[in-house]
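S.K.: I'd like to ask you about the structure that follows.
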Amino acid sequence: MLPAHPHGRRPPSLAQLRAFAAVAEHLHFRDAAAAIGMSQPALSGAVSALEEMLGLTLLERTTRKVLLSPAGGRIAVRAKAVLAEVAALLEEAEAVRVPFTGTLRLGVIPTVAPYLLPTVLRLVHDRYPDLDLQVHEEQTANLVEGLTSGRLDLLLLAVPLGVPGVAELPLFDEDFVLVTPLDHPLGGRTGIPREALRELNLLLLDEGHCLRDQALDICREAGRADAPVTTTAAGLATLVQLVAGGLGVTLLPRTALRVEATRSDRLRTGYFAEPAPARRVALAMRTGAARGVEYGELAAALREALRPLPVRVLDQDD
């Protein structure tokens with residue numbers, strides 16, 4: 001039996017909650033109306049009706065701006081939670097009705113996207129033709145924010161993340177290799193000790209890239225107290241061009257090697273002694289996601305599809 005409404009009040013409609021949540025986010029009626037595809041008069045009316053229904057003033061309106069009242073701030077949190085639960089309910093119903101259909105918003109980090117997306121897209125095209133895959137390439141922090149806020153459904157990135165409420169589905173481990181200029185003494189060598197990183201002029205990606213943080217962690221593990229950086233790059237393609245120009249060396253994940261190391265004939269690759277420094281790549285989803293079973297199946301299919309790449313595919317329980 002459903003609980004009675006407190007104080008006999010009629011519950012607000014989803015349209016009213018959606019309108020108020022949009023205004024609470026944008027603090028601007030025109031921008032909020034555009035964001036949810038509602039006319040501004042209709043949006044204003046929905047918010048006013050919600051205020052009347054609740055007996056509260058949710059917004060403080062002036063001629064120049066809109067502010068949340070103290071009550072509005074508290075109700076906004078609840079409204080967003082209700083809307084998220086309704087979206088999850090609809091997503092659950094759709095997933096149960098027809099798995100691997102509808103939209104899947106996949107976030108991918110820049111140091112993974114160019115090298116794994118061909119495999120991912122081919123898999124989805126061949127095995128899940130009714131799935132509308134939408135890809136968003138962003139740095140890790142933005143992707144995690146997008147996942148936890150509901151803007152994204154699934155992430156493909158390096159882990160561990162250590163974020164509460166986010167579950168990881170490991171796919172593979174891959175080694176890092178050392179990319180050097182043509183005349184560098186370590187170019188083309190195998191069995192390079194990690195300790196060699198202590199003395200190298202290491203070129204890194206800009207702040208915000210997880211690959212930069214991983215490279216610095218590897219240097220610290222090798223006993224390097226600091227890693228002074230005078231030159232950085234926004235992407236791996238630029239990074240290897242800097243190496244080819246003789247400005248230093250860099251670390252590349254093995255999956256990037258075939259694409260990036262062929263950009264110049266002035267590059268050589270060195271391989272570390274076992275165990276080589278490595279990174280783990282996984283899918284990440286919200287814990288308890290409505291489509292969690294689907295995402296698990298997708299992860300299993302991806303592991304098989306990725307076996308031809310120079311990676312160590314992981315078992316489901318790894």
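The values are calculated or read from the model by the stated rules, or taken from the named source; none is laboratory data. In this text, all values refer to a predicted model and were calculated from it rather than measured experimentally. Heads up, the Cβs are rebuilt from the backbone with ideal geometry, glycines too, and the neighbour counts pull from every protein chain shown. Side chains are part of the model used for accessible areas, which takes the heavy atoms of the whole protein and leaves out ligands, DNA and RNA. Shrake-Rupley method; radii C 1.70, N 1.55, O 1.52, S 1.80 Å.
S.K.: Any idea which residue in the range 263-277 is nearest to HIS184 (Cα to Cα), counting only those that are open to solvent by 50 Å² or more (accessible area, probe 1.4 Å) and not acidic (Asp, Glu)?
M.R.: ARG268
S.K.: From (1) open to solvent by 50 Å² or more (accessible area, probe 1.4 Å); (2) touching a residue at least 40 places away in the same chain (Cβ under 8 Å); (3) over 27 Å from VAL23 (Cα atoms), pick out the condition that doesn't hold for VAL112.
M.R.: Among (1) open to solvent by 50 Å² or more (accessible area, probe 1.4 Å); (2) touching a residue at least 40 places away in the same chain (Cβ under 8 Å); (3) over 27 Å from VAL23 (Cα atoms), the lone unmet condition for VAL112 is (1).
S.K.: Then there is this: If we scan the range 252-259, do we find a residue that is touching a Phe, Trp or Tyr at 6+ places or on another chain (Cβ under 9 Å), within 30 Å of GLY150 (Cβ to Cβ) and crowded, with 17+ Cβ neighbours inside 10 Å?
M.R.: Yes: the range 252-259 contains one or more residues that are touching a Phe, Trp or Tyr at 6+ places or on another chain (Cβ under 9 Å), within 30 Å of GLY150 (Cβ to Cβ) and crowded, with 17+ Cβ neighbours inside 10 Å.
S.K.: Turning to a different aspect of this structure: Among the helices (runs of 4 or more DSSP H) lying completely within the range 1-94, list those that include at least 2 residues that are of a type outside the set (Val, Ile, Thr) and more than 29 Å from GLY288 (Cα to Cα).
M.R.: 29-36, 40-54
S.K.: So, one more: Quick check on my filter: what residues within the range 183-214 are among the charged types (D, E, K, R) and surrounded by fewer than 19 Cβ atoms within 10 Å (Cβ to Cβ)?
M.R.: ASP183, ARG189, ARG194, GLU195, ARG198, GLU199, ASP206, GLU207, ASP213
S.K.: Looking only at residues that are among the small types (Gly, Ala, Ser) and in contact (Cβ under 8 Å) with a residue 40 or more places away in the chain in the range 11-44, which one is farthest from VAL82 (Cα to Cα)?
M.R.: ALA24
S.K.: What number of residues in the range 113-144 are part of a strand (DSSP E or B), more than 14 Å from the chain's Cα centre (by Cα) and of a type in the set (S, T, N, Q)?
M.R.: Qualifying residue count, the range 113-144: 0.
S.K.: In addition: Name the residue, out of ARG74, ARG105, that is of a type in the set (Lys, Arg) and farther than 29 Å from GLN139 by Cβ.
M.R.: ARG74
S.K.: Out of LEU169, LEU161, LEU152, which single residue is open to solvent by less than 20 Å² (accessible area, probe 1.4 Å) and either more than 27 Å from ARG312 (Cα to Cα) or among the aliphatic types (A, V, I, L, M) (or both)?
M.R.: Values: LEU169 fails: open to solvent by less than 20 Å² (accessible area, probe 1.4 Å); LEU161 fails: open to solvent by less than 20 Å² (accessible area, probe 1.4 Å).
Among LEU169, LEU161, LEU152, only LEU152 is open to solvent by less than 20 Å² (accessible area, probe 1.4 Å) and either more than 27 Å from ARG312 (Cα to Cα) or among the aliphatic types (A, V, I, L, M) (or both).
S.K.: Follow-up question, since we're still on this one. Looking at ALA46, ALA88, ALA34, can you tell me which residue is farther than 30 Å from ASP213 by Cα, small (Gly, Ala, Ser), modelled with pLDDT of 90 or more and open to solvent by less than 50 Å² (accessible area, probe 1.4 Å)?
M.R.: On the way: ALA88 fails: modelled with pLDDT of 90 or more; ALA34 fails: open to solvent by less than 50 Å² (accessible area, probe 1.4 Å).
Result of the check over ALA46, ALA88, ALA34: ALA46.
S.K.: While we're here: Tell me, which residue of the range 125-149 that is of a type outside the set (S, T, N, Q) and free of Cβ contacts under 8 Å to residues at least 12 places away in the same chain is surrounded by the most Cβ atoms within 10 Å (Cβ to Cβ)?
M.R.: GLU145
S.K.: Exactly one of these conditions fails for VAL66: (1) over 25 Å from the mean Cα position of the chain (by Cα); (2) modelled with pLDDT of 90 or more; (3) buried (at least 16 other Cβ atoms within 10 Å of the Cβ). Give me its number.
M.R.: Evaluating VAL66 over (1) over 25 Å from the mean Cα position of the chain (by Cα); (2) modelled with pLDDT of 90 or more; (3) buried (at least 16 other Cβ atoms within 10 Å of the Cβ) leaves (2) as the failure.
Here is a yes/no grid of residues against (1) in contact with a Ser or Thr (Cβ under 9 Å, 6 or more places away or on another chain); (2) over 21 Å from GLU304 (Cα atoms):
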site	(1), (2)
LEU123	no, no
GLN139	no, yes
LEU154	no, no
VAL166	yes, yes
GLY188	yes, yes
ILE192	no, yes
ARG198	no, yes
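S.K.: For PRO99, work out the one condition from (1) at pLDDT 90 or above; (2) touching a helix residue (DSSP H, G or I) at 6+ places or on another chain (Cβ under 6 Å); (3) open to solvent by 30 Å² or more (accessible area, probe 1.4 Å); (4) not in a helix (DSSP H, G or I) it doesn't fulfil.
M.R.: Every listed condition holds for PRO99 apart from (1).
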